[in-house]
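Have a look at this one.
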Amino acid sequence: FTKKHMRIIGAAMEKAGFRFAEVGHGYGLGAARAGYPEAAETDETYLKTASEVFHDCRFGAFYIPGVGTSDDLEKAADYGISFVSIGQNITQIEQAQTAVAHAKRLSLKTTVCLMKAHVPAPKDFGDKVKIVNEWEPDYIMIMDSAGNMTPEETADRTRIIRDAGKAEAGFHGHDSLSLAAANALPALKNGAERIDASLGGFGRSGGNAATEVVIALMERKGFFIQNITTRLDDLEPVIEAVRKAKIDLPNAPDMTDLLLGLYGLHSSIAAILNETAGRFGLPRANLYKGVAVANPVNPTREEIINIAENMTKKRGAYRKNG
């Protein structure tokens, strides 16, 4: 990501109502300097740009002790990060204690990311969680670094964190088994308060949990997380901003397929739905939902157009009334 990319995408995320964004190198603060894959910009440029583009949206960074230094964390705090995600292999989690203490002294919301959380058996996992809880972080994150976990395993580990102490549970999935977004559901059901996701599933290997799919599943199952204000119909301008920035999202779900699945509509009417939404200037998600409520089995072209016309009239009345 270049500075220009960040400005385009960040502005769209801000407008869409995102409240939290993690920025910078995938391996965290100091990674490019430490010999990890080269980034398009320096940490300082990413953080400065984020501070300029985000206003209501709070931004933070990922930090692996030993990859980055305490100076990197302090500089990030100077640029205005409000939270930090501190990653460490779960088998070596004790090595993160000093970084957690430092982050708390900097008044940062602090998440401890248990990297490769799938490795230990549940009892051993619980023992590590107890150790981390003693440091009093705000969140303890299950980081499924290999994309290995199943929904049942995600549920078990989320409950272990939930029942262990004051720290809230979180989940960060990779899509190696195409389960990253699906695993968000048992995490949410069992008390997780933070779910990591990326636009279009952007990320290494099979990618991360796609923001679009996670939000769709949350809507489908009626979940709500505090401070989540972005809706599915807000996301299309953000995805368009990604396209404008000419960033390829090879793992991105097709939005038409996503909307058909979310609202239970057959693909045979996709073309008329998209055409009608464009014609009337409606967010596609709104029209799909309206048609699903009216006639999810076999809506005719005329029905779809009538629904769009009524929606347009209501939107006009809403705008007129302020």
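Yes or no: A155 modelled with pLDDT of 95 or more, open to solvent by less than 20 Å² (accessible area, probe 1.4 Å), in contact with a strand residue (DSSP E or B) (Cβ under 8 Å, 6 or more places away or on another chain) and of a type in the set (G, A, S)?
Details: modelled with pLDDT of 95 or more: yes; open to solvent by less than 20 Å² (accessible area, probe 1.4 Å): yes; in contact with a strand residue (DSSP E or B) (Cβ under 8 Å, 6 or more places away or on another chain): no; of a type in the set (G, A, S): yes.
Criteria not met by A155.
Further question on the same structure: Which is under 26 Å from the mean Cα position of the chain (by Cα) and polar (S, T, N, Q), of T312, T256, T300?
Residue meeting the stated conditions: T256.
I would also like to ask the following. Within the group P137, P120, which residue is more than 21 Å from A209 (Cβ to Cβ), within 24 Å of the chain's Cα centre (by Cα), open to solvent by less than 50 Å² (accessible area, probe 1.4 Å) and modelled with pLDDT of 95 or more?
On the way: P120 fails: within 24 Å of the chain's Cα centre (by Cα).
Result of the check over P137, P120: P137.
Is it true that some residue in segment 230-243 is more than 15 Å from the chain's Cα centre (by Cα), assigned to a loop (DSSP other than H, G, I, E, B) and either surrounded by 15 or more Cβ atoms within 10 Å (Cβ to Cβ) or at pLDDT below 90 (or both)?
no
Taking K128, is it in contact with a Pro (Cβ under 8 Å, 6 or more places away or on another chain), among the charged types (D, E, K, R) and crowded, with 17+ Cβ neighbours inside 10 Å?
Considered against the rule, which asks whether it is in contact with a Pro (Cβ under 8 Å, 6 or more places away or on another chain), among the charged types (D, E, K, R) and crowded, with 17+ Cβ neighbours inside 10 Å, K128 comes out as yes.
Output yes when any residue across segment 300-312 is of a type in the set (V, I, T), at pLDDT below 95 and touching a helix residue (DSSP H, G or I) at 6+ places or on another chain (Cβ under 7 Å), and no when none is.
yes
Restricting to segment 178-203, name every residue that is open to solvent by 30 Å² or more (accessible area, probe 1.4 Å), more than 16 Å from A21 (Cβ to Cβ), assigned to a loop (DSSP other than H, G, I, E, B) and in contact with a helix residue (DSSP H, G or I) (Cβ under 9 Å, 6 or more places away or on another chain).
If the condition is that a residue be open to solvent by 30 Å² or more (accessible area, probe 1.4 Å), more than 16 Å from A21 (Cβ to Cβ), assigned to a loop (DSSP other than H, G, I, E, B) and in contact with a helix residue (DSSP H, G or I) (Cβ under 9 Å, 6 or more places away or on another chain), then L179 is the only one that fits.
While we're here: Could you tell me whether D144 is touching a helix residue (DSSP H, G or I) at 6+ places or on another chain (Cβ under 9 Å) and open to solvent by 40 Å² or more (accessible area, probe 1.4 Å)?
no
Being in a loop (DSSP other than H, G, I, E, B) and of a type outside the set (K, R) is the filter; apply it to segment 204-223 and report the residue that is most open to solvent (accessible area, probe 1.4 Å).
This residue is S205.
With the condition kept exactly as written, say whether any residue in segment 35-44 is surrounded by 17 or more Cβ atoms within 10 Å (Cβ to Cβ) and not in a loop (DSSP other than H, G, I, E, B).
Yes, that holds for at least one residue.
Same structure, new question: Of these, D56, D78, which one is open to solvent by 60 Å² or more (accessible area, probe 1.4 Å) and either of a type in the set (K, R) or under 17 Å from the mean Cα position of the chain (by Cα) (or both)?
D56
Give segment 18-34 a look and list any residue that's within 18 Å of I195 (Cβ to Cβ) and open to solvent by less than 40 Å² (accessible area, probe 1.4 Å), or say none.
Selection gives F18, A21, V23.
Taking L249, is it touching a Gly at 6+ places or on another chain (Cβ under 6 Å), aliphatic (A, V, I, L, M) and either assigned to a loop (DSSP other than H, G, I, E, B) or at pLDDT 95 or above (or both)?
Yes; evaluated as a whole, the condition is true for this residue.
Based on what the data block shows, is T110 hydroxyl-bearing (S, T, Y), open to solvent by less than 60 Å² (accessible area, probe 1.4 Å), outside any helix (DSSP H, G or I) and in contact (Cβ under 8 Å) with a residue 24 or more places away in the chain?
Yes; evaluated as a whole, the condition is true for this residue.
Among the numbered criteria (1) open to solvent by 40 Å² or more (accessible area, probe 1.4 Å); (2) under 25 Å from F1 (Cβ atoms); (3) assigned to a strand (DSSP E or B); (4) not aliphatic (A, V, I, L, M), which one does F171 miss?
(1)
Checking A61 against (1) open to solvent by 20 Å² or more (accessible area, probe 1.4 Å); (2) assigned to a strand (DSSP E or B), only one condition comes out false. Which one?
Only one criterion in (1) open to solvent by 20 Å² or more (accessible area, probe 1.4 Å); (2) assigned to a strand (DSSP E or B) is unmet by A61, namely (1).
The values are calculated or read from the model by the stated rules, or taken from the named source; none is laboratory data. Note that the structure is predicted; figures quoted are calculated from it, not measured. All Cβ positions, glycine included, derive from the backbone under ideal geometry; neighbour counts span all protein chains shown. Heavy atoms of the whole protein, side chains included, go into the accessibility calculation; ligands, DNA and RNA do not. Shrake-Rupley method; radii C 1.70, N 1.55, O 1.52, S 1.80 Å.
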